[in-house]
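All remarks here apply to the structure that follows.
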């Protein structure tokens with residue numbers, strides 16, 4: 001006896017209109033509203049025992065240095081439970097430097113300098129702990145990184 005070959009397909013009568021659709025599996029999204037104008041954050045003015053919002057700005061020609069130092073300062077603030085309200089990068093500035101040629105030589109040098117800047121905004125820094133934190137940051141500041149602290 002040979003095997004009985006069936007040419008009948010059981011799924012032939014089943015509807016196929018839902019095959020391949022997965023939208024019903026995704027969570028429902030809130031419809032996006034038109035973008036409002038950017039709201040300016042209120043600047044926190046400190047008291048006599050506490051600073052308000054303090055910006056720690058790091059500037060360097062070396063992007064890697066500035067990036068790692070900003071990461072270090074951010075982690076340091078987290079370790080000392082100083083609240084970091086924001087940390088962001090400023091747009092890279094490019095300066096083109098042209099050296100004037102001397103009378104004897106026809107050599108002309110030019111260079112392109114890119115300046116990278118990172119800002120870490122700290123809020124609620126107590127006036128007794130601020131000098132300690134700044135001393136730690138300054139003692140670990142790498143060569144070629146310019147540090148600026150503004151309130």
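The values are calculated or read from the model by the stated rules, or taken from the named source; none is laboratory data. Note that the structure is predicted; figures quoted are calculated from it, not measured. All Cβ positions, even for glycine, are placed from backbone atoms using ideal geometry, and neighbour counts span all protein chains on display.
Data overview
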quantity: Region 69-98 residues that are free of Cβ contacts under 8 Å to residues at least 40 places away in the same chain, paired with ones that are outside any strand (DSSP E or B) and loosely packed, with under 15 Cβ neighbours inside 10 Å (beta carbon under 7 Å, 6 or more apart); calculated: 84/78
quantity: The one condition in (1) at pLDDT 85 or above; (2) more than 28 Å from residue 135 (Cα to Cα) that residue 21 fails to fulfil; calculated: (1)
quantity: Scope region 128-139; condition touching a helix residue (DSSP H, G or I) at 6+ places or on another chain (Cβ under 7 Å) and farther than 16 Å from residue 57 by Cβ; matching residues; calculated: 136
quantity: Residues of region 128-151 satisfying the condition of being without any contact (Cβ under 8 Å) to a residue 24 or more places away in the chain, within 15 Å of residue 72 (Cβ to Cβ) and surrounded by 11 or more Cβ atoms within 10 Å (Cβ to Cβ); calculated: 134
